[in-house]
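The values are calculated or read from the model by the stated rules, or taken from the named source; none is laboratory data. Worth saying up front: this structure is predicted, and the values here are computed from it rather than measured. Methodologically, a virtual Cβ is constructed for each residue, glycine included, from the backbone with ideal geometry; neighbour enumeration extends over all protein chains shown.
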Amino acid sequence: MSNPTIVQHFVERITANVEQVILGKREAIHQTLLALLCEGHLLIEDVPGLGKTMLARSIARSIGCTFSRIQFTPDMLPSDVTGVSVYNQKTQEFEFRPGPIFAQIVLADEINRATPKTQAALLEVMEERQVTVDGETYIMQKPFLVLATQNPIEYEGTFPLPEAQVDRFIMRIHLGYPDRGHEIAILESQSDHHPIEDIQQVVTVEELRAAQEAVKQIYVDEQVKGYIVSVTASTREHPEVYLGASPRGSLALYKTSRAFAAVQGRDYVIPDDVKALAIPTLAHRIIISPSARIKSVSPDTIVRETLDAISVPGARARVTTG
């Protein structure tokens, strides 16, 4: 079985399973799976009630992974996330009691309601896949994916995520409201019981790892690599931008483009793959200048203008000799 076929079968099975619960949001499901295939973390920005928790739970059940949900609040402490060492009087030793972050798929719900100190508790675990408490380091079990949700920044009682943390999310997506037909279908599907209860495991963790390795084998031509870097670098030079996308943004675009190509059934990346993932991977890393904010210029607009301004290279498919 070719590398793209492995990835396609993996995505198709999970998508069909998750769509029993999340109706009319195939693109959002695929983007979530792209993050999983790239071993990255996902930021979902939307208003409450659109199925963000159900999306995370459905994917966890589909793969047979452990799932944990952390509801962030302003009074939450870092130890409420990572865990704490407790003194055991019987053994007369300190024992580590792991926090809710110790799961394979973690839903960090309303992350921007927590204080910056508690948000920072996620930095090490997201980047290094490990937690350090009282000098002891604990390695996270693979796969490890953080799905963080946040309400729009304009909502009261929220703390904007620091740039260093936002940069650690490989993509930011929006679920959006369902259309009329799908919203009626939601009413009907949940009239007796919630369809999440019917979700069964359809792939194994081993198949996930095989798909992740297959993505790493997708070919990216030198011209396409240059195109990725040009797109990212141009966000730093835009006159309306205070801070552009970092090199981590280029890497995110590189990884997600490979995964996207594999889902499309190709073993090589084309510029259209880069264009399709540019906004989800780069826009949340861009900080707009104060003057641009007054004019209601959005990061998405900056990325679109960047894509329009950069010439698309002629990608060469890899030629294999028998």
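Residue check: residue 131 meets all listed conditions (1) among the aliphatic types (A, V, I, L, M); (2) assigned to a helix (DSSP H, G or I); (3) over 19 Å from the mean Cα position of the chain (by Cα) but one, namely (2). Could you tell me which of the residues 16, 28 is in contact with a strand residue (DSSP E or B) (Cβ under 9 Å, 6 or more places away or on another chain) and either free of Cβ contacts under 8 Å to residues at least 24 places away in the same chain or at negative phi (or both)? None of the others qualify; the one that does is 28.
Of all residues in segment 80-100, those satisfying the criterion of being touching a residue at least 40 places away in the same chain (Cβ under 8 Å) and among the polar types (S, T, N, Q) are 82, 85.
When we screen 36, 77, 43, 23 for residues that are in contact with a Leu (Cβ under 7 Å, 6 or more places away or on another chain), touching a residue at least 12 places away in the same chain (Cβ under 8 Å) and hydrophobic (A, V, I, L, M, F, W, C), the only hit is 36. Name the single residue that is nearest to residue 44 (Cα to Cα) among those in segment 67-108 being in a loop (DSSP other than H, G, I, E, B) and hydroxyl-bearing (Ser, Thr, Tyr). Checked segment 67-108; the qualifying residue nearest to residue 44 (Cα to Cα) is 73.
Within segment 16-38, the set of residues being basic (Lys, Arg) and at pLDDT 90 or above is empty.
Residues in segment 175-232 that are closer than 21 Å to residue 56 by Cβ, polar (S, T, N, Q), part of a loop (DSSP other than H, G, I, E, B) and touching a residue at least 40 places away in the same chain (Cβ under 8 Å): 200, 201, 204.
Among the numbered conditions (1) surrounded by fewer than 14 Cβ atoms within 10 Å (Cβ to Cβ); (2) in contact (Cβ under 8 Å) with a residue 60 or more places away in the chain; (3) assigned by TED's automatic domain parsing to the domain that holds residue 61, the only one that residue 243 does not meet is (3).
Is it the case that residue 127 is within 30 Å of residue 64 (Cβ to Cβ), touching a residue at least 12 places away in the same chain (Cβ under 8 Å) and of a type outside the set (A, V, I, L, M, F, W, C)? Yes. If only residues of segment 116-152 that are of a type in the set (Val, Ile, Thr) and surrounded by 13 or more Cβ atoms within 10 Å (Cβ to Cβ) are counted, the one that is farthest from residue 80 (Cα to Cα) is 149. For beta carbons closer than 9 Å, sequence separation of 6+ or different chains, a first residue in segment 101-118 that is among the aromatic types (Phe, Trp, Tyr) and a second that is modelled with pLDDT of 85 or more and not in a loop (DSSP other than H, G, I, E, B), the qualifying pairs are 102/68; 102/82; 102/83; 102/131; 102/138.
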